Ligand code: IVH
């Protein structure tokens, strides 16, 4: 919190100007007539209260800014709390005078480090990608298939540019902007409310808006503003920004609001989160409504009646790309009918009703200076191209992935030629491409520039880190180090994955710190992280005495670790770093099994064939490859023991099923069999899962409900034998209130 310091002067002239976006005009009478900080709250009249709230916002917000900017705060904790309380009490007496930059909107007071975290009322998701025309047609086909619509049934989409900035969620309550949050990991974002107040495209008040309205969109910087900003950075001797997106992100995520205010950020609205009343019945209608409320919406938004028009619109937007004056990296298509969007729903991190059609990657030529082999957490030997630095799409690239030995040799997984069969050699002149956030790759080699006497690259058969054999298993495209826990590279990569975003994401414990702790023998496996304080908080060797650490940073780290010892099940599963078990898969597993105990019991028991194995394979998004990898990991004694040691240190939060509370099928295991006539099987399954049910492919004693359509066979028979509740499709729809 704030350190002790001198008491701030309470009424200097300069605090009559609020540091937020609106300079406050104070009437002569108010300014000259009274000193508002001396007046008891119950004696304040309306004009005085207004002045006093402005003064308090100035003092408290400046104190916050000083704190975040690491300047010496000139106000003590107690004074801060007293002023904040005074502010809240005046706001209670004069609710209409509450300011948009009110200090009481800062949940929990000043934060320790960086921005406060805020939980999004509705998760902020990302979009699936389409890279070519076939992908767009496949998207339309999958939407139709899910909804059970024929190829000729009318289906309208919106198309709009994909803005290359960063997403922001703006929460309005009773028409006032009360919170702005970045996407973060989708569930938890950063509170950048004060900064959002400085962006002129973002309305501070809305007239006739729903009581609760979360508007989502993209913060971006125009090309002209970006060029001017970099020119100013040059002049001041400050670092240039690589591209407008980085500049926008760096400007919004400033702890000092004054810096954000000085940066010309803009905002396009294109989506929404929590709403107390619908905006419209269509996507386009909702966007028009947002425009009518005062938001900037993209003028290139259009309606399309199918893939042909979507692709035509893509071509039109691509032609305009260079003259728009801001960066876009593709076109987003969305199902227009919001009732259909609701039926389509979401996969774990992306909606089924929208897709981003990306523009082709940018290309550049450069020299390949070397090939290094990196060993990943699953032992994979990954070749990395070291390139003479080159700018691709505004970003300097000096590394590119080379995937595996076949890719270097010019063959794909099926033995077909890639790059016309040209191999890649050190010394080659290579063409590099970069699509969005994707790691750069090598698209082509210019054989005309190949140095004389160059040799094909010889891929190592031993691990370069621990010298263990690195065989290539049947059907695997990569060589893998067989060293397991004796391979330091594998262990350290596993640890880095463990603390990464999406996994434990421990503040103050990044890849660098993990590497150092591992090298010095402080941590050898994830469980050791949770005993760091016990071992290095006191005694002879203490973290605070290490180079680069101090009492405060050590305490912060211990607190951050303690904080993360309570962890959601999905994050824990992902953090284990088991091959093929990504973030989306981990969340699906967590939703399905609910608790660590039932997940762990199932993984221990699962054997092919067997009911636990069938149940695992029936989970949406789990295939045989993932299932095999998971079950194998749990069956390996060393790995299993390390997992057990870790879990003993944690409190694992059960996965929360959406709507679980009110739904009659929450927590129930449901099996669908026979023909469904009202909705497709995919929709029935997704709907049941969204209501908190578990959908299984086979009937067992654990089944609660069998939904049997015409033609149901052995499953219906088995359910009857087991006395399981069976209903037809209409009965099911009535049960879930969907008739
Ligand atoms: S819709 C539920 N529309 O692209 C989906 N996103 O790659 C909500 N983006 O995280 C997103 N322009 O930051 C949507 N016109 C647009 C967009 C857009 C840019 C960003 C957004 C999202 C990312 C996904």
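The values are calculated or read from the model by the stated rules, or taken from the named source; none is laboratory data. Note that the structure is a prediction, hence the values are computed from the model and not measured. No Cβ is skipped: glycine too gets one built from the backbone with ideal geometry, and neighbour counts run over all protein chains shown.
Structure summary
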| item | result |
| --- | --- |
| Set 225, 164, 134: member being more than 16 Å from the ligand (Cβ to nearest atom), within 30 Å of residue 320 (Cα to Cα) and touching a residue at least 24 places away in the same chain (Cβ under 8 Å) | 225 |
| Flag if residue 705 is touching a strand residue (DSSP E or B) at 6+ places or on another chain (Cβ under 6 Å) and without any contact (Cβ under 8 Å) to a residue 40 or more places away in the chain | no |
| Residues of the stretch 713-736 that turn out to be assigned to a loop (DSSP other than H, G, I, E, B) and more than 24 Å from residue 610 (Cβ to Cβ), as a count | 2 |
| Test: residue in the stretch 114-125 that is modelled with pLDDT under 95, under 30 Å from residue 348 (Cβ atoms), exposed (fewer than 15 other Cβ atoms within 10 Å of the Cβ) and within 16 Å of the ligand (Cβ to nearest atom) | yes |
| From 667, 731, 692, 723, residue being out of contact with any strand residue (DSSP E or B) (no Cβ under 7 Å at 6 or more places or on another chain) and buried (at least 19 other Cβ atoms within 10 Å of the Cβ) | 692 |
| Residues (within 16 Å of the ligand (Cβ to nearest atom) and part of a strand (DSSP E or B)) located in the stretch 409-454 | 434 |
| Residue check for residue 264: within 22 Å of residue 200 (Cα to Cα), away from the ligand (no atom under 12 Å from the Cβ), in contact (Cβ under 8 Å) with a residue 24 or more places away in the chain and crowded, with 20+ Cβ neighbours inside 10 Å | no |
| Index of the failed condition, residue 544 passing every other in (1) within 21 Å of the chain's Cα centre (by Cα); (2) part of a helix (DSSP H, G or I) | (1) |
| Selected residue (criterion: farthest from residue 213 (Cα to Cα)) from residues of the stretch 141-158 that are away from the ligand (no atom under 16 Å from the Cβ) and touching a strand residue (DSSP E or B) at 6+ places or on another chain (Cβ under 8 Å) | 155 |
| The stretch 331-357: number of residues that are within 14 Å of the ligand (Cβ to nearest atom), over 19 Å from the mean Cα position of the chain (by Cα) and not in a helix (DSSP H, G or I) | 6 |
| Residue match in the stretch 361-377 (condition: closer than 30 Å to residue 274 by Cβ and within 16 Å of the ligand (Cβ to nearest atom)) | no |
| The stretch 268-283, residues that are under 18 Å from residue 218 (Cβ atoms) and out of contact with any helix residue (DSSP H, G or I) (no Cβ under 6 Å at 6 or more places or on another chain) | 268, 270, 271, 272, 273, 283 |
| Filter result (in contact (Cβ under 8 Å) with a residue 60 or more places away in the chain and out of contact with any strand residue (DSSP E or B) (no Cβ under 9 Å at 6 or more places or on another chain)) within the stretch 640-656 | 642, 643, 645, 646, 647, 648, 649 |
| Hits in the stretch 509-535 (condition: part of a loop (DSSP other than H, G, I, E, B) and without any contact (Cβ under 8 Å) to a residue 60 or more places away in the chain) | 509, 510, 520, 521, 522, 523, 524 |
| Test: residue in the stretch 38-46 that is at pLDDT below 85, in a helix (DSSP H, G or I) and within 28 Å of residue 259 (Cα to Cα) | no |
| Some residue of the stretch 202-209 being at pLDDT 95 or above, more than 16 Å from the ligand (Cβ to nearest atom) and in contact with a helix residue (DSSP H, G or I) (Cβ under 6 Å, 6 or more places away or on another chain) | yes |
